[in-house]
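Reviewing the structure listed below.
Values in this text are rule-based calculations from the coordinates and carry no lab data. Everything quoted here is computed from the prediction, not taken from an experiment. No Cβ is skipped: glycine too gets one built from the backbone with ideal geometry, and neighbour counts run over all protein chains shown.
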Amino acid sequence: MRLLLDTHVLLWTVAESRRLSAAARALIGEPDNELTFSSVSLWEIAIKAGLGREEFRIDPSSLRRNLFDNGYAEVAMTGAHAVALGGLPSIYRDLFDRMLVAQAIVEGLTLVTSGPAVAKYPGPIRLV
């Protein structure tokens, strides 16, 4: 299964945080699963770190390099993703999460999220 980790799940995975559920650890640790991250998550981290948000204090460049070094694939944002975003229902207001949903739908990825509101979207979403 090709997994797209949402920003929080991605950060918790890298930090080996206790906030990452056992279900998420099992899914991410499954050797047959392909792990991906989105350029949208790096954008979100850069913006929120610049705003002083404590949980986003990580250098996006170092994070990206670390993810590549650990076998993750990057999903870049495209016009097709932007178009798909426009077709999503207004269930949740967070633009970053909504773009991750759109990317998962367009790219045929399973979005792994800890957000119950995000999991209400139609599409390949796994709440962990």
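Set side by side, the residues Ala49, Ala76 differ, and just one is in contact (Cβ under 8 Å) with a residue 12 or more places away in the chain, in contact with a helix residue (DSSP H, G or I) (Cβ under 6 Å, 6 or more places away or on another chain) and not charged (D, E, K, R), which is Ala76.
Select the helices (runs of 4 or more DSSP H) contained entirely in segment 12-113, then report the ones holding at least 1 residues which are under 12 Å from the mean Cα position of the chain (by Cα) and of a type outside the set (Val, Ile, Thr). So the answer is 39-50, 95-107.
Tally the residues that are under 17 Å from Ser38 (Cα atoms) and either surrounded by 17 or more Cβ atoms within 10 Å (Cβ to Cβ) or among the small types (Gly, Ala, Ser) (or both), restricting the search to segment 82-95. Number of matching residues: 3. Out of Arg53, Arg98, Arg126, Arg93, report the one residue that is under 17 Å from Val14 (Cβ atoms) and of a type in the set (Lys, Arg). None of the others qualify; the one that does is Arg53.
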